[in-house]
Each structure stands twice: as C-alpha cells, then as structure tokens.
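Novice: First the structure, then my questions, so here it is.
The values are calculated or read from the model by the stated rules, or taken from the named source; none is laboratory data. All values reported here derive from a predicted model rather than from experimental measurement. Every residue, glycine as well, gets a Cβ built from its backbone with ideal geometry; the counts of neighbours run over all protein chains shown.
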Amino acid sequence: MIFLDEPTTGLDPRSRRDMWQIVRDLVAGGVTIFLTTQYLEEADELADRIAVLNRGRVVAEGTAEELNRRIPGGHVRLRFADPQGLDAALRVLGQAVRDTDALALRVPSDGSLRALKTLIGRLDDRAIEVDELSVHTPDLDDVFLALTGNPSDEKVTTR
C-alpha cells in the first residue's frame, strides 16, 4: 500500500502525465494506492473510488460516474449563425436559457444518446440549422461545489 498526498502539485503537464502513468502501473501490478488530492481531474483519472470531504467529514463516496450522476446541471449548448435560428430553436425547444450575445441556447439534458437524438430530431424536423453543439455533463468539480456549499456564505470568526 502506498499513500500519496498531492503527488502532482507543482508539476508541469508532461511530468503530471508521467506520474499518473507510474500510479497506473503500480495499480496494475497489484499495489493499493491511497491518494489525497484537491486536483479533481487527477481523482477522475486515477481513482476507482472517491470520497469527497467537507470540514473533515465524508459527504459522498463512490465512483466518479456515480458521484457525477448525483448532481443536476447537465446541458447541451447550441450556437446559431443568426438571431432567426436562435429564435426558431427557442420556440421549438421551450425550456432553454437564451444567450442573445452569443446566439446560443443552453438546453437542460442528461447528455444521453437518447436525449441528444430527441433534441436533434426536433430541430431537424423544423429544418433549424445549428452551427455548434456541445454537451456538458457535471464533473467532479461540479460535484465538489454542490456537496460542500458556497464558502462565501460561511462566516469566518477570528479572535
């Protein structure tokens, strides 16, 4: 068993990838690694199980996928070439957040293939052209922020 505390803090991207490969090789060789990190991409890359701590207590535990599914906020971002396309899509889709300056809509979605096919089909049925489509699903940063609250809401007392 090896304990690693913030093993890639301060490393450049190449060195970080090298360290990640060393950890993967150790695990593949049967070594158990206990990793502490605030770099959540690292946890996502390396950990089979993740525990989220808040004020010294475990507030959630599971695989990265299990933790990500607990947090709402997935969406599809659609960008259009002109305001007419944006307006037409908003009429068809209804439940979306409009960004007029970017000519974009943010449509709530779980990011599943079925949801994407349905969304694209509704737009295609009305011949609405989309310039760009991107899918956002919650990541471990979103999980951490949702589970640990907003630190600016907490009052700090000093003596």
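Novice: Looking for something touching a Phe, Trp or Tyr at 6+ places or on another chain (Cβ under 9 Å), assigned by TED's automatic domain parsing to the domain that holds A28 and either farther than 30 Å from G30 by Cα or not hydrophobic (A, V, I, L, M, F, W, C) (or both) - is there at least one such residue anywhere in the range 101-115?
Specialist: Looking through the range 101-115, none of the residues is touching a Phe, Trp or Tyr at 6+ places or on another chain (Cβ under 9 Å), assigned by TED's automatic domain parsing to the domain that holds A28 and either farther than 30 Å from G30 by Cα or not hydrophobic (A, V, I, L, M, F, W, C) (or both).
Novice: From the set of residues in the range 85-106 that are part of a helix (DSSP H, G or I) and among the small types (G, A, S), which is surrounded by the most Cβ atoms within 10 Å (Cβ to Cβ)?
Specialist: A89
Novice: For the range 107-128: of the residues being touching a helix residue (DSSP H, G or I) at 6+ places or on another chain (Cβ under 6 Å) and either loosely packed, with under 12 Cβ neighbours inside 10 Å or not hydrophobic (A, V, I, L, M, F, W, C) (or both), which is nearest to A81 (Cα to Cα)?
Specialist: Among residues in the range 107-128 that are touching a helix residue (DSSP H, G or I) at 6+ places or on another chain (Cβ under 6 Å) and either loosely packed, with under 12 Cβ neighbours inside 10 Å or not hydrophobic (A, V, I, L, M, F, W, C) (or both), the one nearest to A81 (Cα to Cα) is R126.
Novice: I would also like to ask the following. Please work out if R77 is modelled with pLDDT of 90 or more, surrounded by fewer than 12 Cβ atoms within 10 Å (Cβ to Cβ) and not in a loop (DSSP other than H, G, I, E, B).
Specialist: No; evaluated as a whole, the condition is false for this residue.
Novice: Can you name the residue in the range 24-61 that is part of a loop (DSSP other than H, G, I, E, B), closer than 17 Å to E6 by Cβ and among the hydroxyl-bearing types (S, T, Y) and, of all such residues, is farthest from the chain's Cα centre (by Cα)?
Specialist: Ranking the candidates gives T37 first.
Novice: Taking the condition outside any helix (DSSP H, G or I), touching a residue at least 12 places away in the same chain (Cβ under 8 Å) and either farther than 29 Å from D110 by Cβ or over 16 Å from the mean Cα position of the chain (by Cα) (or both), does L4 pass?
Specialist: yes
Novice: Moving on to the next point. Would you please list the contacts, defined by Cβ atoms under 8 Å and residues six or more apart or on different chains, that run from a residue in the range 107-118 that is of a type in the set (S, T, N, Q) to a residue that is at pLDDT 90 or above?
Specialist: S109/H75; S109/V76; S109/A115; S109/L116; S109/L119; S109/V135
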